[in-house]
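Have a look at the structure below, then the notes.
The values are calculated or read from the model by the stated rules, or taken from the named source; none is laboratory data. Computed from a predicted structure; not experimentally measured. Cβ placement follows ideal geometry from the backbone for every residue including glycine, while neighbour counts extend to all protein chains displayed.
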Amino acid sequence: MRKIYLPLIFVAFTGLFSCVEEIDLILDDDHHARLVVDGMITTDTTSHTVELSMTAPYFSKEKTERVSGAEVSVSDNLGNVFDLTEAEPGIYMTDENVYGVVGRTYNLIINHDGESYHAESTMKRVMETDSLVYEWDEAREQYVILFYAKEPEGKGDKYMWHLYRNGELITDSINKVLFIDDEFFDGIYIDGLEITRWNYDHNIQKHDTVRVDTHSITEDALLFFSGIFSESGFSSGPFSPPPANIHSNISNNAIGLFFASAISRETIIIE
């Protein structure tokens, strides 16, 4: 069995993927509070969520303020408009029958407290899984998952993977999610990429059912996730770059990310 190791970026976003990492901004006082947006639309037919909150001073021990009473909608370039309803403070959701389509551009519009915010994202194609293979790792005493697929020709595709063990998300924090850019493997057959990150204990054992979700992601998403990864200390060291502002694609000086993602899924049972 041959494993492939590619240039990788490992990142995740706190709200979108139920991660446990918290990102705090150094702010002087409440006067400088800014809107924080966390939203995504996928090819899944489901209620898609946009979360709104406010930044807080760095040393504040209080939970960040949720933004209620906003008008939130998502539209596509064909004129379809999806209004979101506030399900709980700061949590806005579409109807259950909403889904995204590859190639369409999606616009997020938020109106709140006399201000308007906008973000745009085009849904990219996703690489379809050919097969998954499991392999016993003697050193870690667990199974690892190898990914096989033909990467579409044409540079610019970017991907991330989420893993579920027996229905539970196990890529649930910033250092467990695998991200790659096709710059170095455009159009080739991926012949055994280990997507269970090799320095993390996923504890996959015999009889487990493992689901692998392959997501397409945008350049904005990759830059945003990379910034969180860098500023969260996972890439710290004597040669690390100095702190910098995390990339955001939200207008009007807001912070956060809205992006579109196509998803393909495959499941394997460890026998």
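Before moving on, here are some points about what is shown:
- Remark: TYR148 falls outside the filter, which requires a residue to be hydroxyl-bearing (Ser, Thr, Tyr), surrounded by fewer than 16 Cβ atoms within 10 Å (Cβ to Cβ) and in contact (Cβ under 8 Å) with a residue 24 or more places away in the chain.
- The single condition among (1) part of a loop (DSSP other than H, G, I, E, B); (2) more than 25 Å from LEU257 (Cβ to Cβ); (3) in contact with a Lys or Arg (Cβ under 9 Å, 6 or more places away or on another chain) that GLU153 does not meet is (3).
- ARG165, sole failed condition from (1) buried (at least 17 other Cβ atoms within 10 Å of the Cβ); (2) closer than 23 Å to THR267 by Cβ; (3) touching a Phe, Trp or Tyr at 6+ places or on another chain (Cβ under 8 Å): (3)
- Candidate set from segment 222-271 (those that are aromatic (Phe, Trp, Tyr) and in a loop (DSSP other than H, G, I, E, B)); member that is modelled with the lowest pLDDT: PHE239
- Segment 38-71 - residue that is touching a His at 6+ places or on another chain (Cβ under 9 Å) and modelled with pLDDT under 95 and, of those, surrounded by the fewest Cβ atoms within 10 Å (Cβ to Cβ): PRO57
- Odd one out for ASP182 among (1) touching an Asp or Glu at 6+ places or on another chain (Cβ under 6 Å); (2) on the phi > 0 side of the Ramachandran plot: (2)
Let's see how each residue does on (1) buried (at least 16 other Cβ atoms within 10 Å of the Cβ); (2) within 30 Å of ASP76 (Cα to Cα); (3) touching a residue at least 60 places away in the same chain (Cβ under 8 Å); (4) of a type in the set (D, E, K, R):
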site	(1), (2), (3), (4)
LEU132	yes, no, yes, no
TYR159	yes, yes, no, no
LEU193	yes, no, yes, no
ASN203	no, no, yes, no
GLY227	yes, yes, no, no
